[in-house]
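Here's the structure, in structure tokens; my notes come after.
Read-outs: derived from the displayed coordinates by stated rules, not from any lab. Since the structure is predicted, the reported quantities are computational estimates derived from the model, not experimental observations. Cβ placement follows ideal geometry from the backbone for every residue including glycine, while neighbour counts extend to all protein chains displayed.
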Amino acid sequence: MNKIPLAVPHMSGEEQKYIQQAFDTNWIAPLGPHVNQFEANLAMYTGAADVAVTNSGTSAIHLALTLLNIQSGDTVFCSTFTFVASINPVLYMGAVPVFIDSETDTWGMSPIALSKALKDAASKNKLPKAIIVVHLYGQSCKMDEIMALANRYDVPVIEDAAESLGSTYKGRKLGTIGTFGIYSFNGNKIITTSGGGALVSNDVSQIEKARYLSSQAKEEAPYYSHSEVGFNYRLSNVLAGIGIAQLEVLEERIAKKRAIFEAYEAAFENNSKICFLSEWQETFNNRWLTTVLFEKNSPEKMMQQLAERGIESRRLWKPMHRQPLFQDVAYYSENREGSNADILFKKGLCLPSGTQLTDKKIDYVCKVLREISK
Ligand SMILES: *Cc1c(COP(=O)(O)O)cnc(C)c1O
């Protein structure tokens, strides 16, 4: 049997058509009709008023922070339980992250911990300039609670929906609820342009500004004219072509991802040793990766034993407050006794979730899991 990867890019076959069009018309250089089309299609799909596509999800977060006018020394509240790319742009701004714990229903930012942190910040007259929430593994955070707190203290919210394109909260696509949302089209995400991202907002003027900032802040003039620091963050026209074709199959990919999750869950229905992240009320999860928590087994050992049988798995995100990079960063946990994000890291694993997985291979993974989790 071939090795079973965690997840690999899954092309639809139509990508070549758009790439060929870009070549035929020589729209190879940045920008061009595919970029505009991909942006329009993404706006249509997500329901956001406007979308700017970028060369990565990370650069989309950096643009969002720039548009929010974050200054050196400002604080930004961030989920501790995430990939480092959610936080690095805060450091690019010279700003200071403050980490917030997860809650256990969605694994997203805990409104209880957030409330504590906001109250504390208000009392010190040092409210954050932004809150970055992360919708992990396709699962929406508790957005009503988070938005209510953010609105009470008048702090804008950026939704890092890099892993959650197509997922919803109360019928709204993730990424469109806060002031800004971002998506990633990196190779490991649910759809990919090989590398890419998007910034979305319901404020059209902010997205227009994002396009300008991400093209070296080049002003309208018959010569090169610049008054602000810009970036080279636009998605190329060739890659946007791949994105158009990938977006056409997103619903199909989500259906397959959800079927994979359901197959795993059904296989361990009466097994108390393995727990799944269930879909929180009024949310729809794209099931980017199926994740499990082991009640007894060590995920590190499980990962090793799976690898010995040709199955790739991966640990859940190691919390940011545990990273050497962030040794001195403040952290608010939900409970005084311990940290939910630490427990998730200690117990969790991502299972193979590639959309090319066959039923036979899922059965094989389940069989191995059953054997080694005894
Ligand atoms: C992938 C990812 C990003 C970064 O996206 P890139 O396109 O790789 O820059 C940001 N946040 C989270 C949670 C991610 O999973």
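Where nothing but the Cβ of Lys and Arg (+1) and of Asp and Glu (-1) is charged, how large is the charge dipole of the chain around its Cα centre, in debye to the nearest 20?
Dipole size: approximately 980 debye.
Using Cα positions and a limit of under 21 Å, work out the lysines in reach of Lys116, with same-chain residues fewer than 8 apart set aside.
Lys124, Lys126, Lys129, Lys142
What ranking do Ser215, Ser227, Ser194 get, fewest neighbouring Cβ atoms within 10 angstrom at the top? Numbers along the way, then the final one.
On the way: Ser215 16, Ser227 7, Ser194 13.
Neighbour counts put them in this order, fewest first: Ser227, Ser194, Ser215.
Order these by the 10 Å Cβ neighbour count, fewest first: Ile4, Ile182, Ile112. Mind showing how you got there, number by number?
Working: Ile4 21, Ile182 31, Ile112 17.
Result, fewest neighbours first: Ile112, Ile4, Ile182.
Using Cβ contacts closer than 10 Å as the measure, can you line up Asp203, Asp101 from fewest to most?
Lowest count first: Asp203, Asp101.
Given labels modelled 7 Å from the Cα in the Cβ direction, how far is it in nm from Leu127 to Ser272?
4.7 nm
Which of Val51, Val249, Asn186 sits closest to the plus end of the dipole of the chain, meaning its Cα is farthest towards the positive end, when Lys and Arg get +1 and Asp and Glu get -1 on the C-beta?
So the residue we want is Asn186.
Regarding the stretch 15-248, what's the average projected area of the Cα-atom convex hull, expressed in nm²?
Averaged projected area of the stretch 15-248's Cα convex hull equals 12.7 nm².
Using a Förster radius of 41 Å, what is the FRET efficiency between Glu337 and Ala259 based on their Cβ-Cβ separation? Nearest 0.05, please. Can you show the working numbers first?
Values: r = 38 Å, r/R0 = 0.94.
Using R0 = 41 Å, I get an efficiency of 0.60.
Name the long-range amide H neighbours of Arg315: under 5 Å, sequence gap of 5 or more, or other chain; modelled H, no Pro or chain starts.
Long-range HN contacts for Arg315: Cys350.
Go through Ala95, Ser272, Cys141 and say which Cα lies farthest out towards the positive end of the charge dipole of the chain; charges sit on Cβ, +1 for Lys and Arg, -1 for Asp and Glu.
Of Ala95, Ser272, Cys141, it is Ser272.
Please work out the FRET efficiency for the pair Tyr45 and Glu145, using the Cβ-Cβ distance as r and a Förster radius of 30 Å; give the result to the nearest 0.05. List each step's numbers first, then the result.
Numbers: r = 26 Å, r/R0 = 0.88.
With R0 = 30 Å, the Cβ-Cβ based efficiency is 0.70.
Sort 61-69, 142-150 by the packing proxy (mean of other Cβ within 10 Å over each peptide's residues), most packed first. Can you show the working numbers first?
Working: 61-69: 21.8, 142-150: 19.0.
The most tightly packed comes first, giving 61-69, 142-150.
How are the alpha carbon pair distances in the stretch 175-284 distributed across 10 Å bins from zero to the largest one, expressed in percent?
In whole percents, the pair-distance histogram is 12, 28, 30, 18, 9, 4, 1.
Once you charge only the Cβ atoms, +1 for Lys and Arg and -1 for Asp and Glu, what is the size of the charge dipole of the stretch 250-372 about its Cα centre, to the nearest 20 debye? It would help to have the intermediate numbers written out before the result.
On the way: 20 positive and 18 negative charges, 82 e Å.
Charge dipole of the stretch 250-372: 400 debye, to the nearest 20.
Using amide H atoms built in the peptide plane, which far-off residues or other-chain residues are under 5 Å from Ile4 H to H?
Distant-sequence amide H within range of Ile4: Ile311, Glu312.
Return the FRET efficiency for the residue pair Glu228, Asn88: r is the Cβ-Cβ distance, R0 is 25 Å, and the value is rounded to the nearest 0.05.
Details: r = 22 Å, r/R0 = 0.86.
Result of the calculation: an efficiency of 0.70.
Only bridges whose two residues both fall in the chain count here: according to DSSP, what percent of them are antiparallel, nearest 5? Working shown, then result.
On the way: 26 of 44 bridges.
In the chain, approximately 60 percent of DSSP beta bridges are antiparallel ones.
Quick one, can you get me the convex hull of the C-alpha atoms of the stretch 250-372 expressed as volume per residue in Å³? Write down the numbers at each step before the final one.
Details: hull volume 18.5 nm³, N = 123.
Cα convex hull per residue, to the nearest whole number: 150 Å³.
Mind grabbing the base-10 log of I(q)/I(0) for the stretch 307-374 at q = 0.15 Å⁻¹? Debye formula, identical points on the C-alpha positions, no solvent, two decimal places.
Listed by q, the Debye log ratios stand at -0.67.
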